[in-house]
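**Q** Below is the structure I would like to discuss, written out as structure tokens.
Here, each number is a calculation from the coordinates, and none is a lab measurement. On a predicted model such as this, the values are computed, not experimentally measured, just so you know. Neighbour counts run over all protein chains shown; Cβ positions are idealised from the backbone, glycine included.
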Amino acid sequence: MLHMNTNAPAPTYGSPYSITPAAAGAEVIVVCEHAANRIPPELHELGLDVSARHSHIAWDPGALGVARKLAHLLRAPLVEGRISRLVYDLNRPPESPTAIPATSEIFDVPGNRDLSDAARAQRVAAVYEPFRAALAAEIAARKTALRLMVTVHSFTPVYKGETRAVELGLLHGRDDRFAQAMLAHPPEGLPWNTRLNEPYSASDGVAHTLDLHGCDNGLLNVMLEIRNDLIATADQQDTWAAALAPWIRATLEERFA
């Protein structure tokens, strides 16, 4: 059962996050920043049509299903974002131009063009800061037992007309230890085309959560990027989580004992 935050600074925005709790002794925390495509009504859908609002530019399709199942199998708490990354990308710091993108892939986002400093500050206060504080508090409360943070994302199989062969990306920021260890010790018969830092890397600005909440708290950390056509259904999401969980657990227990 989800424990929903009820203290978001801007009530009409609704809660920018939710937390699925776990036992106090959990060694792993799972994060899904781009879990939802919800756009607060006062933003008038950011001027986007229905297809754009439901596409990968607005969220990470399939990622939440994998994250929830993975957290369950790892007996880990889950912190998930509840607002579209087009409103504010929770994996970006406030100073990043991509935190509130005016363009995403080939799509213009009219509601994000020419924002005033005050409008940007409102989104930071209503979306980013509550999420950041909630994740920081969850980690701080578990400091004694917690060892690893796993963030779960998905990516589109075709980007700007280019087909992506990679199926699973293991990404890292400042600390590459866990990503490298997973890649070096895959489970026997791993069926996925798995690569390090593809289709993104820290140079693309995707390591904010890993570095701020992982590295800065002394936690091992890794980002899982899964091609979204492979996790389109609940059964596919369960299959991926069932394969990833023992791989993550074995890496933590055998390589970082």
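**Q** Say we join alpha carbon atoms closer than 10 Å with springs in a Gaussian network model of the chain; which of V28, V50, V152 then has the biggest fluctuation?
**A** Sorting by GNM fluctuation, first place goes to V50.
**Q** Would you mind finding the longest exposed-site-free stretch of the chain, with exposed trypsin sites (Lys or Arg not before Pro) meaning DSSP loop and at most 10 other Cβ atoms within 10 Å?
**A** Excluding the exposed sites themselves, the longest stretch runs over 1-142.
**Q** Can you give the charge dipole size of segment 67-164 about its Cα centre, rounded to the nearest 20 debye, using +1 on the beta carbon of Lys and Arg and -1 on the beta carbon of Asp and Glu?
**A** 600
**Q** Does segment 162-257 come out rounded, prolate or oblate by the C-alpha gyration tensor, with a ≥ b ≥ c the root eigenvalues, rounded set by a/c under 1.5 and, if not, prolate when a/b is larger than b/c and oblate if not?
**A** oblate
**Q** Further question on the same structure: About the Cα centre of the chain, what is the dipole size in debye to 20, counting +1 per Lys and Arg Cβ and -1 per Asp and Glu Cβ, all else neutral?
**A** With only Lys, Arg, Asp and Glu charged at Cβ, the dipole is about 500 debye.
**Q** With springs connecting C-alpha atoms under 10 Å apart, model the chain as a Gaussian network and identify which of I83, I39, I106 has the largest mean-square fluctuation.
**A** Checking each option, the largest mean-square fluctuation is seen for I106.
**Q** Same structure again: Can you show me the helix-derived [θ] at 222 nm for the chain, built from DSSP H runs with n ≥ 4 at -39,500 (n - 2.57) apiece and divided by the number of residues, rounded to the nearest 500.
**A** So the calculated ellipticity at 222 nm is -8000 deg cm²/dmol.
**Q** Here's a follow-up. Where q = 0.10, 0.20 Å⁻¹, what log10 of I(q)/I(0) comes from the Debye formula for segment 1-128, counting one point per Cα?
**A** For segment 1-128 at q = 0.10, 0.20 Å⁻¹, log10 I(q)/I(0) is -0.33, -1.14.
**Q** Turning to a different aspect of this structure: How far, in degrees from 0 to 90, does helix 234-255 lean away from the longest principal axis of the Cα atoms of the chain, to the nearest 10?
**A** It is inclined by approximately 50 degrees.
**Q** List the residues of segment 150-173 whose backbone N lies under 15 Å from a point placed 7 Å from the Cα of S201 along the Cα-to-Cβ direction.
**A** Residues 169-173 qualify, since their backbone N sits under 15 Å from the label point.
**Q** Can you tell me the convex hull volume per residue for segment 90-237, based on C-alpha atoms, in Å³ to the nearest whole number?
**A** That works out to 146 Å³ per residue.
**Q** Using the reciprocal of the averaged 1/r over all distinct C-alpha pairs, how large is the Kirkwood radius of the chain in Å?
**A** It is 18.4 Å.
**Q** Between R75 and E45, what's the calculated FRET efficiency when r is the beta-carbon distance and R0 is 41 Å? Round to 0.05.
**A** The computed FRET efficiency comes out at 0.60.
**Q** Pick out, from A35, A22, G214, the residue whose Cα sits farthest towards the positive end of the charge dipole of the chain, with +1 on the Cβ of Lys and Arg and -1 on the Cβ of Asp and Glu.
**A** Of A35, A22, G214, it is A22.
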